[in-house]
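Chemist: Sharing a structure with you now.
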Amino acid sequence: VQRRIDGGKFADTSYMGTYDLMAKNGTFWAPTLSYFYKIYNENWEEFQRKINPFIVGRAQLVGESIERNFRLAHEAGVPIYVGTDAGGSLPHGLVAQEMVELTKAGLTSAEGVSAATWGAREWLGRPGLVEGEDADLVVYASDPLADVSVVAAPIGVVLRGRVVV
């Protein structure tokens, strides 16, 4: 599917087959939904004023197709992990929001937690726990596997065996 953007240029908005290829090759994807939703849903007017019209056009195409493409990637079996693009135009600390956005888009809460924890370790080439490594613990008021949104409000943190929060 070709769509006109930015005064006549075309962009391919059909990713059919791409996600199957990604899954087949074990390509990991960190879709950074929180980054995009922050711009598209909260700062769109400012974004349009400050950013090159071509980039605005591309962002609009992404906005119109992001949920469909996320679903297609997930259904194809593409490994999805948490990423936020923090440090550029967004602050650090958006991991919890990214987990929530991933579950809104179609992951289960358990998949959202895994995308930021065990799955992310796998992505970095460090699956599982290793004897002798430090392990940190985060405590929540309720089960994040039932409702991933609780990850935004931990009630306790143990870092290298010391209670820090």
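The values are calculated or read from the model by the stated rules, or taken from the named source; none is laboratory data. Just so it is clear, the model here is predicted, and its values are computed rather than measured. Every residue, glycine among them, receives a Cβ derived from its backbone with ideal geometry; neighbour counts consider all protein chains shown. Side chains included, ligands, DNA and RNA excluded: accessible areas come from the protein's heavy atoms. Shrake-Rupley method; radii C 1.70, N 1.55, O 1.52, S 1.80 Å.
Chemist: Restricting attention to region 118-138, does a residue exist that is touching an Asp or Glu at 6+ places or on another chain (Cβ under 9 Å) and crowded, with 19+ Cβ neighbours inside 10 Å?
Modeler: yes
Chemist: Within region 85-109, track down each residue that is at pLDDT 90 or above and either in a loop (DSSP other than H, G, I, E, B) or open to solvent by 40 Å² or more (accessible area, probe 1.4 Å) (or both).
Modeler: Lys104, Gly106, Leu107, Thr108
Chemist: Of all residues in region 104-140 being closer than 22 Å to Arg162 by Cα and among the acidic types (Asp, Glu), which is farthest from the chain's Cα centre (by Cα)?
Modeler: Across region 104-140, the extreme among qualifying residues is Glu131.
Chemist: Okay, moving on. Any chance region 56-65 includes a residue that's open to solvent by 20 Å² or more (accessible area, probe 1.4 Å) and hydroxyl-bearing (Ser, Thr, Tyr)?
Modeler: No; the residues of region 56-65 include none that is open to solvent by 20 Å² or more (accessible area, probe 1.4 Å) and hydroxyl-bearing (Ser, Thr, Tyr).
Chemist: List, please: which pairs have Cβ atoms under 6 Å, are six or more places apart or on different chains, and start with a residue in region 57-73 that is more than 15 Å from Gly17 (Cβ to Cβ) and end with one that is acidic (Asp, Glu) and surrounded by fewer than 17 Cβ atoms within 10 Å (Cβ to Cβ)?
Modeler: Cβ pairs passing all conditions: Gly57/Asp6.
Chemist: Note down all Cβ pairs under 6 Å where the first residue falls in region 135-156 and is over 15 Å from Leu107 (Cα atoms), the second is of a type in the set (Gly, Ala, Ser) and in a loop (DSSP other than H, G, I, E, B), and they're at least six residues apart or on different chains.
Modeler: As it stands, the answer is Val150/Ser142; Ile155/Ala141, since those pairs meet every condition given.
Chemist: Something else about it: Among the numbered criteria (1) open to solvent by 30 Å² or more (accessible area, probe 1.4 Å); (2) part of a helix (DSSP H, G or I); (3) touching a helix residue (DSSP H, G or I) at 6+ places or on another chain (Cβ under 8 Å), which single criterion is violated by Ser142?
Modeler: All conditions are met except number (2).
Chemist: Return yes or no: is Gln97 farther than 13 Å from Ser34 by Cβ and of a type in the set (S, T, N, Q)?
Modeler: So Gln97 fails the test.
Chemist: Across region 3-18, which residue is least open to solvent (accessible area, probe 1.4 Å) among those that are more than 15 Å from Val62 (Cβ to Cβ) and modelled with pLDDT of 60 or more?
Modeler: Restricting to residues being more than 15 Å from Val62 (Cβ to Cβ) and modelled with pLDDT of 60 or more, the top hit is Gly17.
Chemist: What is the residue count in region 145-158 for residues that are open to solvent by 80 Å² or more (accessible area, probe 1.4 Å) and touching an Asp or Glu at 6+ places or on another chain (Cβ under 7 Å)?
Modeler: So the answer is 0.
Chemist: Tally up the residues in region 66-79 that are outside any helix (DSSP H, G or I) and open to solvent by 40 Å² or more (accessible area, probe 1.4 Å), please.
Modeler: 1
Chemist: Something else about it: Please tell me if Val82 is under 19 Å from the mean Cα position of the chain (by Cα) and open to solvent by less than 40 Å² (accessible area, probe 1.4 Å).
Modeler: Answer is yes for this residue.
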